[in-house]
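Presented below is the structure to which this report refers.
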Amino acid sequence: MNELQSKLEAVLFASGDSVPISRLSLSFSVPEDEIVSSARELAASYEQEQRGIRLLFLDDKLQLCSSPDFAGDILRTLGQRKPPTLSQAALETLAVVAYFQPVTRAVIEKYRGVDSSYSVSQLEDRGLIEACGTLEVPGRPTLFRTTDAFLRVMNIASLEELPPLPEAQGNEREQALRESIAKLRSSEEKDSRLQQSMFSGDEAADPEREERSEAQ
């Protein structure tokens, strides 16, 4: 490990959150491409040595996190409850935001066909989506986008890595979206991250409550 990599490790560990590559470049007085190459080498060494931490690329940011291989040990040792998984309704809402962001709740509901207030609120509470402004139309509805936490949970570096939607219209496009949701859920490793690495809260989600809310 060279000096730059040691600096990266120290700053990212101390931060506990994602840090923009541009900020690291400015702080260390080195080009951004040097930050990226050093970070990639560091990330590779963590994996090769089967370390307990991982270095993630989240668009133009970097973040340290624990290895999902040791999620069970973390839960047992720290006494944390296994957080609840997302319901199908919340996953559908999350997929619409991920593929068509920034979007309003009206757009989400257009694709889902039901009220999505509860799902949007739930995803905001869990840090997977966030408000990012308003649409310049009467009423100024709030626009939503995914967060760095979404990228981390899905184990992708950028939105470009999402499974592509085929060109389609109307019901065919909605079906394509549902199939993409299934792809996002198919990996046990990703599902493990959804359950163990991100979500917080002392109470489990109430699927019946959500279904009642979104059916109204």
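Distance distribution P(r), the stretch 1-62, all Cα-Cα pairs, bin width 10 angstrom from 0: 22, 63, 15, 0 percent.
Here the mean projected area of the convex hull built on the C-alpha positions of the stretch 57-109 is 5.6 nm². If you take the Cα centroid of the stretch 146-167 and the Cα centroid of the stretch 112-139, the two points sit 18 Å apart. Whole-percent P(r), the stretch 29-121, all Cα pairs, 10 Å bins from 0: 13, 26, 25, 27, 8, 0. By the count of other C-beta atoms within 10 Å, a proxy for reagent exposure, Thr104, Thr146, Thr77 are ordered fewest to most as Thr77, Thr104, Thr146.
Here is the list for the stretch 65-128: trypsin sites (Lys or Arg not before Pro) lying in DSSP coil, each with at most 16 other C-beta atoms within 10 angstrom of its C-beta, are Arg81.
Quick note: the coordinates plus some simple rules give every number you see, no bench work behind them. Predicted model, so just to flag it, every value in this text is computed and none were measured. Note: ideal-geometry Cβ built from the backbone for every residue, glycine included; neighbour counts use all protein chains shown.
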